[in-house]
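The structure appears below as structure tokens.
The values are calculated or read from the model by the stated rules, or taken from the named source; none is laboratory data. It should be emphasised that the depicted structure is a prediction, and the values quoted were computed from it without experimental measurement. Here the Cβ is made from the backbone with ideal geometry for all residues, glycine too, and neighbour counts use every protein chain on show.
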Amino acid sequence: MSVAHLFLKACFRQPTPRRPVWMMRQAGRYLPEYLATRKRAGDFLTLCKTPEMACEVTLQPIDILGVDAAILFSDILVVPEAMGMELAFETGEGPKFAAPIRSRADIDKLADPDPEVELRYVMDAIRLIRKELNGRAPLIGFTGAPWTLATYMVEGGGSKNFALIKKMAYADPQAMHRLLERVTDAVVRYLSAQVAAGAQALQIFDTWGGILSKADFLEFSLPYIARIVQGVPRVTPQGERVPVIVFVKGGGQWLEAIAGTGCDVMGLDWTVDLAEAHALVGDRVALQGNLDPCALYAPVDVIARRTRAMKAAFGSGPGHIVNLGHGILPDIPVAHARAFVQAAQEQG
Ligand code: CP3
């Protein structure tokens, strides 16, 4: 069975000889090869916008670690940038928008980007990656969930208490919904273009869905995720089904609601009990995750033991894609990442 089949079959809960594995943020700073390419690019955004270099770093974890899926190298924030927001990544400080969204007038000024124009470099990267992968592994495209994108657009960068976005949601919910609608429309076009360009699976990252109460998650995040899941063509130009993975960090209490979006796979963070999740929604969706990324600080034998324990918690049956519960951290030794991948790929 080809590796492409292994990952895609697991997404559709079809039996596989072993479980597939990949890692969120697998193309990143823990790899010396990534740091070398980024240095050549000069900065992170130039790396994202140069298809040849984005392709190179996308393939690095396939060649170096032998993971079973490639994820497009880009960032969730290129969509707000394409909507007209000036974006910078300052080393050590994370992303910054020069002029965050604070009013209805700011929302009305946002553009409706054409993915083949303003985000052409992403589509060119996808086309090139598919060619270079040549079937060695399937390619996952991705987006941020509208709520998560909106948090960065309104806060202007990272945040501790998310007071600004919550102020908009609670003081002017109509404006909040207007912004979420505009972002959702842009994301549906963006993911549709990714599939047309060659993405074989899609992941929606709702990194900040978990900061909301259940009622607010159901009002401000989940319906927009559902609109994306239902609005994107779920089949490649060649007629193959395209699975959609929804990852809500901190969404462990809302698994049934998330499964209700119609996604094929649910990404789980490490706070979720995999056995309980499997019993609760395993008849509807495949599950992806969920080792604590900090567990990779342990010695390699402990990493292997914890990875096997996670697989045992899922139990038997198809539909488990092994992953971390969030992105791999920049100071993890490559040998530790490899111990995780190897334990995940053991049969049984
Ligand atoms: O998974 C992959 O390997 C694909 C590439 C990818 C990146 N960002 C590259 C990146 C993906 C899927 C993302 C998604 C992303 N970006 C999310 C959602 C996933 C998550 O981690 O919660 C979010 C919230 C962002 C926004 C973002 N980008 C932040 C907050 C930061 C700074 C924090 C950090 O890790 O440095 C980034 C920068 C970023 N995106 C880097 C990489 C490899 C580091 C940039 C560098 O090289 O210095």
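Looking at the stretch 1-37 only, could you name the residues that are free of Cβ contacts under 8 Å to residues at least 12 places away in the same chain and either touching a helix residue (DSSP H, G or I) at 6+ places or on another chain (Cβ under 8 Å) or closer than 19 Å to residue 125 by Cβ (or both)? Before the answer, list the steps.
Of all residues in the stretch 1-37, those free of Cβ contacts under 8 Å to residues at least 12 places away in the same chain come to 5, 35-36.
Passing the criteria: only 36.
Kindly check whether there is at least one residue in the stretch 185-194 that is over 23 Å from residue 24 (Cβ atoms) and either among the acidic types (Asp, Glu) or modelled with pLDDT under 95 (or both).
yes
What do you reckon, is residue 205 modelled with pLDDT of 95 or more and either assigned to a helix (DSSP H, G or I) or more than 26 Å from residue 326 (Cα to Cα) (or both)?
For residue 205, the condition - modelled with pLDDT of 95 or more and either assigned to a helix (DSSP H, G or I) or more than 26 Å from residue 326 (Cα to Cα) (or both) - is not met.
Kindly indicate which of 43, 63 is surrounded by fewer than 20 Cβ atoms within 10 Å (Cβ to Cβ), charged (D, E, K, R), near the ligand (Cβ under 9 Å from one of its atoms) and more than 19 Å from the chain's Cα centre (by Cα).
Working: 63 fails: near the ligand (Cβ under 9 Å from one of its atoms).
Selected residue: 43, the only one of 43, 63 that is surrounded by fewer than 20 Cβ atoms within 10 Å (Cβ to Cβ), charged (D, E, K, R), near the ligand (Cβ under 9 Å from one of its atoms) and more than 19 Å from the chain's Cα centre (by Cα).
Which condition number does residue 203 fail, the rest of (1) out of contact with any Pro (no Cβ under 6 Å at 6 or more places or on another chain); (2) away from the ligand (no atom under 16 Å from the Cβ); (3) in contact (Cβ under 8 Å) with a residue 12 or more places away in the chain being met?
Among (1) out of contact with any Pro (no Cβ under 6 Å at 6 or more places or on another chain); (2) away from the ligand (no atom under 16 Å from the Cβ); (3) in contact (Cβ under 8 Å) with a residue 12 or more places away in the chain, the lone unmet condition for residue 203 is (2).
If the Cβ limit is 6 Å and pairs must be 6+ apart or interchain, which residue in the stretch 256-278 that is without any contact (Cβ under 8 Å) to a residue 40 or more places away in the chain pairs with which residue that is of a type in the set (D, E, K, R)?
259/284
Tell me which residues, restricted to the stretch 128-138, are in contact (Cβ under 8 Å) with a residue 24 or more places away in the chain and either surrounded by 21 or more Cβ atoms within 10 Å (Cβ to Cβ) or over 19 Å from the mean Cα position of the chain (by Cα) (or both). Can you show your working first?
Looking only at the stretch 128-138, we keep the residues that are in contact (Cβ under 8 Å) with a residue 24 or more places away in the chain, and these are 128-130, 132-133, 135-138.
Scanning the stretch 128-138 gives 128, 129, 132, 133, 135, 136, 137, 138.
Any idea which residue in the stretch 299-345 is nearest to the ligand (Cβ to nearest atom), counting only those that are outside any helix (DSSP H, G or I) and out of contact with any helix residue (DSSP H, G or I) (no Cβ under 7 Å at 6 or more places or on another chain)?
Of everything passing the filter in the stretch 299-345, 330 is nearest to the ligand (Cβ to nearest atom).
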